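Step one of this worksheet: look at the structure below.
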Amino acid sequence: MGKISEADVEFIKRPQGQDVQADRTLTETVQNIIDQVRERGDAALRDYSAKFDKTTPDTFEVSEKEIARALADLDPQTRKDSEFAIAQVKRFAQAQLATMQPLDVETLPGVHLGHRIIPIQTVGCYVPGGRYPILSAPVMSIVPAVVAGCDEIIACLPPGAHSAMIAICHLAGAHRIFKVGGAQAIAAMAWGTESIPVVDKVVGPGNAFVNEAKRQVFGKVGIDALAGPSEIYVIADESADPRILAADLLAQAEHDVHTRVGMATTSPQIAHETLAEIERQLLNLPTAATAGEAWKRQGEIVLCRDEAQLIEWADHMATEHLQVHTRDPHATASKIRNYGSLFIGQNASVVFSDKCCGTNHTLPTMAAARYTGGLWVGAYVKICTHQWIDDHGIAAVAQPAVRQSRTEGMQAHRRAAEIRLLPDSVDAITNGDRD
């Protein structure tokens with residue numbers, strides 16, 4: 001059976017399409033930034049800070065005094081709410097880590113195989129400044145690193161970021177915090193400067209420049225993923241509430257004018273009522289300038305003929321956030337395989353995950369959910385295999401290895417196997433008598 005396409009469904013509202021970056025020099029611009037930071041270190045960071053952030057910090061690292069001031073300035077209720085979010089993310093990450101166990105197994109007599117779960121030593125968490133001071137952003141990238149047991153966790157955030165972001169980076173568990181943003185922060189973490197240490201992996205979302213920088217440094221360091229604009233999709237039947245659907249779609253739309261916001265439904269009535277409700281709610285939404293533009297550009301409503309097609313369309317979209325509003329949401333959700341994170345039932349709004357319920361809000365976009373999940377504690381550890389073989393094991397595996405090596409023409413491999421199979425004939429083997 002062929003995959004579903006846009007021709008198979010009816011659009012009640014069709015998106016204009018994602019904007020293409022007008023600046024075709026993005027790749028070159030970012031490459032130049034990386035080259036300059038690699039060559040000139042802190043001096044380049046100062047130049048870019050003055051150019052992009054209109055400030056030149058005396059030092060890039062946030063001092064203990066600055067952290068104390070940020071904590072003192074943090075609203076008490078905001079601190080309590082942030083500590084609540086940290087606790088929930090930590091609890092879920094700990095539960096996830098508990099499902100990952102070391103392994104030792106004897107697959108054949110004398111052949112012992114296994115793996116260890118090893119924390120990545122140094123991670124760099126990019127914390128975006130953006131349109132809003134999203135206090136949950138550092139929580140999502142830093143807390144799982146703490147739970148994983150990473151030795152050094154550094155955070156980079158733009159110099160103009162709200163001081164509360166510094167406070168939350170500290171509360172979440174960052175060991176060091178730096179006031180460096182943009183592509184230059186990614187370059188600094190990948191190559192190191194006089195102030196900023198080299199990391200083993202860079203995680204965290206950012207704008208197009210940050211994303212491109214992560215793409216370019218991948219290989220020198222690990223990265224979590226390449227992320228595009230945020231996305232939400234809702235699948236619904238006739239039981240859904242258009243007021244809630246509209247509220248959830250607009251909640252995500254206020255992130256950015258490029259946010260992709262959509263719904264697929266089996267009910268023409270729900271489709272049209274939701275469309276009207278979105279327009280009604282935009283009339284008094286304080287962030288309507290952003291949310292309304294995102295809805296105008298990227299908003300879509302799709303009509304599917306039945307639940308089977310609804311599920312097929314959801315898998316086709318492979319969206320970052322997928323909400324399920326059907327009569328039996330658990331049954332519907334169990335049939336879907338492509339999503340960044342799944343929100344089952346009317347009460348499970350994306351906003352709870354975005355802020356504080358415990359699942360990570362750093363998720364795959366641009367249909368990457370077809371092949372990967374989101375950021376989680378497993379992104380901060382390595383699963384590294386090991387093996388040890390006793391004499392019984394040699395009897396089991398050496399002859400197949402000898403034969404395969406001979407067939408492949410890899411004579412050094414053959415010798416390495418034979419030298420263990422026939423230890424009394426070491427000289428003859430290494431002198432080539434058996435070649």
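The values are calculated or read from the model by the stated rules, or taken from the named source; none is laboratory data. Just so you know, these numbers come straight off a predicted model, no measurement behind them. Don't worry about glycine lacking a Cβ; one is built from the backbone with ideal geometry, like all the others, and counts go over all protein chains shown. These area figures cover heavy atoms from the full protein model, side chains too; ligands, DNA and RNA do not enter into them. Shrake-Rupley method; radii C 1.70, N 1.55, O 1.52, S 1.80 Å.
Residues in the range 271-297 that are more than 15 Å from residue 131 (Cα to Cα) and aliphatic (A, V, I, L, M): how many?
7
In this structure, does residue 343 turn out to be open to solvent by 90 Å² or more (accessible area, probe 1.4 Å), assigned by the TED database to the domain that holds residue 235, within 25 Å of residue 98 (Cα to Cα) and without any contact (Cβ under 8 Å) to a residue 40 or more places away in the chain?
In short, no.
Has the range 394-401 got at least one residue that is out of contact with any helix residue (DSSP H, G or I) (no Cβ under 6 Å at 6 or more places or on another chain), under 30 Å from residue 114 (Cα atoms), outside the structural domain of residue 211 (by the TED database) and crowded, with 20+ Cβ neighbours inside 10 Å?
Checked the range 394-401: no residue is out of contact with any helix residue (DSSP H, G or I) (no Cβ under 6 Å at 6 or more places or on another chain), under 30 Å from residue 114 (Cα atoms), outside the structural domain of residue 211 (by the TED database) and crowded, with 20+ Cβ neighbours inside 10 Å.
Identify all residues within the range 249-261 that are outside any strand (DSSP E or B) and open to solvent by 20 Å² or more (accessible area, probe 1.4 Å); write none if there are none.
Matches in the range 249-261: 251, 254, 255, 256, 257, 258.
Go through the range 95-115 and report how many residues are in a loop (DSSP other than H, G, I, E, B) and of a type in the set (Ser, Thr, Tyr).
So the count comes out to 1.
Can you confirm whether residue 302 is modelled with pLDDT of 95 or more and touching a Phe, Trp or Tyr at 6+ places or on another chain (Cβ under 7 Å)? Walk me through it before giving the result.
Details: modelled with pLDDT of 95 or more: yes; touching a Phe, Trp or Tyr at 6+ places or on another chain (Cβ under 7 Å): yes.
So residue 302 fits the description; yes.
Out of (1) assigned to a helix (DSSP H, G or I); (2) open to solvent by 60 Å² or more (accessible area, probe 1.4 Å); (3) in contact (Cβ under 8 Å) with a residue 12 or more places away in the chain; (4) not aromatic (Phe, Trp, Tyr), what's the single condition that is false for residue 412?
Status for residue 412: all satisfied but (3).
Does any residue in the range 32-56 that is more than 18 Å from residue 210 (Cβ to Cβ) come within less than 7 Å, Cβ to Cβ, of a residue that is charged (D, E, K, R) six or more places away or on a different chain, and which pairs are these?
41/194; 42/194; 56/46
Filter the range 79-99 down to residues that are closer than 14 Å to residue 356 by Cβ, out of contact with any helix residue (DSSP H, G or I) (no Cβ under 6 Å at 6 or more places or on another chain) and not aromatic (Phe, Trp, Tyr) and give me whichever is surrounded by the fewest Cβ atoms within 10 Å (Cβ to Cβ).
Once the filter is applied, the top-ranked residue is 80.
Across the range 356-380, which residue is farthest from residue 103 (Cα to Cα) among those that are under 11 Å from the mean Cα position of the chain (by Cα), part of a loop (DSSP other than H, G, I, E, B) and aliphatic (A, V, I, L, M)?
Selected residue: 363.
Within the range 284-306, how many residues are out of contact with any Leu (no Cβ under 9 Å at 6 or more places or on another chain), over 15 Å from residue 268 (Cβ atoms) and open to solvent by 30 Å² or more (accessible area, probe 1.4 Å)?
6
Looking at (1) closer than 30 Å to residue 32 by Cβ; (2) without any contact (Cβ under 8 Å) to a residue 40 or more places away in the chain, can you tell me which one residue 188 breaks?
Result: residue 188 passes all but (2).
Within the range 51-62, track down each residue that is at pLDDT 95 or above and open to solvent by less than 50 Å² (accessible area, probe 1.4 Å).
Of everything in the range 51-62, those that are at pLDDT 95 or above and open to solvent by less than 50 Å² (accessible area, probe 1.4 Å) turn out to be 60, 62.
Select, from 76, 102, the only residue that is outside the structural domain of residue 356 (by the TED database), open to solvent by 80 Å² or more (accessible area, probe 1.4 Å), at pLDDT 95 or above and touching a strand residue (DSSP E or B) at 6+ places or on another chain (Cβ under 7 Å). Lay out the reasoning, then the answer.
Working: 76 fails: touching a strand residue (DSSP E or B) at 6+ places or on another chain (Cβ under 7 Å).
Among 76, 102, only 102 is outside the structural domain of residue 356 (by the TED database), open to solvent by 80 Å² or more (accessible area, probe 1.4 Å), at pLDDT 95 or above and touching a strand residue (DSSP E or B) at 6+ places or on another chain (Cβ under 7 Å).
Evaluate the range 381-392: report whether one residue or more is within 18 Å of the chain's Cα centre (by Cα) and surrounded by 15 or more Cβ atoms within 10 Å (Cβ to Cβ).
Filtering the range 381-392 for residues within 18 Å of the chain's Cα centre (by Cα) gives 381-382.
Filter again for surrounded by 15 or more Cβ atoms within 10 Å (Cβ to Cβ), leaving 381-382.
Yes, because at least one residue in the range 381-392 is within 18 Å of the chain's Cα centre (by Cα) and surrounded by 15 or more Cβ atoms within 10 Å (Cβ to Cβ).
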